[in-house]
1. Counting only chymotrypsin sites (Phe, Trp or Tyr not before Pro) that are in a DSSP loop and have at most 14 other C-beta atoms within 10 Å, tell me the longest site-free stretch of the chain.
2. Along the Cα-to-C-beta direction of Leu206, a point sits 7 Å from the Cα; which residues of the range 262-293 have their amide N less than 18 Å from that point?
3. May I ask you to rank Thr161, Thr186 by accessible area, largest first, using a 1.4 Å probe over the protein chains only?
4. Taking the simple approach of a point 7 Å from Cα along Cα-to-Cβ for both Leu230 and Gln73, what is their distance in nm?
5. Below 8 Å, C-alpha to C-alpha, sequence gap of six or more: please give me the relative contact order for the chain in percent.
6. Hey, rough spin-label estimate for Ser90 and Glu19, points 7 angstrom out along Cα→Cβ, what's it come to in nanometres?
7. Per residue, how big is the convex hull around the C-alpha atoms of the range 114-171? Give it to me in cubic angstrom, could you?
8. Using r as the Cβ-Cβ distance of Ile217 and Thr161, and R0 as 41 Å, what FRET efficiency do you calculate, to the nearest 0.05?
Amino acid sequence: MIELSVLILSGDARVLKDEYVTDFVSKNGLKRIRVDVTDAQRISDILSQNSLFSSFLVDVIDYSDWKKEDQKQLLEQIEEAPTSVIVRASSPIKGFETVDFSLPKPWEREKWLQYIEKRLEKHSLIFDASALEEFFNKVGPDDLLIEREIEKLSCIGEKVTTELVRKFVFNHSKMQIDELCFAVSTGDQRKSHMILSKILSYVEPLVVVNSLAKHFIDLYKILSFVDKRLAYSWVHIKDLSEKLDVPVVRAAKMLGFSFKGQPKAINHVDIYDCQKVELILDQLQLLDTQVKSSENKTIPIHLFVDFVCRLIGDRS
């Protein structure tokens, strides 16, 4: 049996922290008690309830999200707690033993490839370099998404090929690019820059520019064809999508159709006219040239975001 102790798990590696806690509990014959921000006000009760049971581990999973006063109270109480405590935090906490679980920065591509390689090996999967590259291009620098997609591949077989990755791994980068395009076209400046910075860490800038161009070309088609309404029916949207060759989900969101469980969509007909989109398409043509010829390919795209938000008004 281990001695009672407090341990801090710092860094942003959610999967590795989960594995560490699971192994710790298993090796020491402990029962885990999960504590999150909703339990902050009753941390005294939780620790005292377990004072007679040294076979428990209190696992604080989101310390960095707690209020300052609740963090202070937690640290004061766990020092005297007669039970083992693990605190998952974004950074080390002075005065406590810490194990660091930091992930590579989003732009450190080679380090992410090494991380994915280790996770594939952890699941006893055989792979080659091209499959590894394809996997990262589709999933990006997100350890939870990486783990879920690797678990999916582990159900298929031991050999991971590029073809298997293309067929079975969900294209999260495409989904994030779509999210970026709508953040830009709805004028959410802060969100646009945040998503763009992340995407440009693992997606080629020209791919982003081409996606933005396609997005605004589709918007131009819609504005040229539809009459202005307060709302559009699904039947109308589907018919419009087929006639204009615009993906139906994109057409729906541009026309303010909100899907169940999704955030309320903004009707682009209310904030755009063809003249505004023509100005944006002119800027995108210039942006394409800048990205192809400039050494720093990211700044022009960020400046394009600012241009759109000035044109239609920042709606962050």
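The values are calculated or read from the model by the stated rules, or taken from the named source; none is laboratory data. Keep in mind the model is a prediction, meaning the values are calculated, not measured. Neighbour counts run over all protein chains shown; Cβ positions are idealised from the backbone, glycine included. To get the accessible areas, we keep the full protein, side chains included, count just its heavy atoms, and leave off ligands, DNA and RNA. Shrake-Rupley method; radii C 1.70, N 1.55, O 1.52, S 1.80 Å.
1. Numbers: sites that count: Phe53, Trp107, Phe170, Phe259.
Between the exposed loop sites, the longest stretch runs 171-258.
2. Under 18 Å, as judged by backbone N against the label point of Leu206, lie 284-293 of the range 262-293.
3. On the way: Thr161 45, Thr186 25 Å².
From most exposed to least exposed: Thr161, Thr186.
4. Those two pseudo-labels are separated by 4.8 nm.
5. On the way: 409 pairs, mean separation 47.4, N = 316.
Relative contact order for the chain comes out at 15 percent.
6. 2.4 nm
7. Details: hull volume 3.8 nm³, N = 58.
Hull volume normalised by residue count: 66 Å³.
8. The value I calculate is 0.75.
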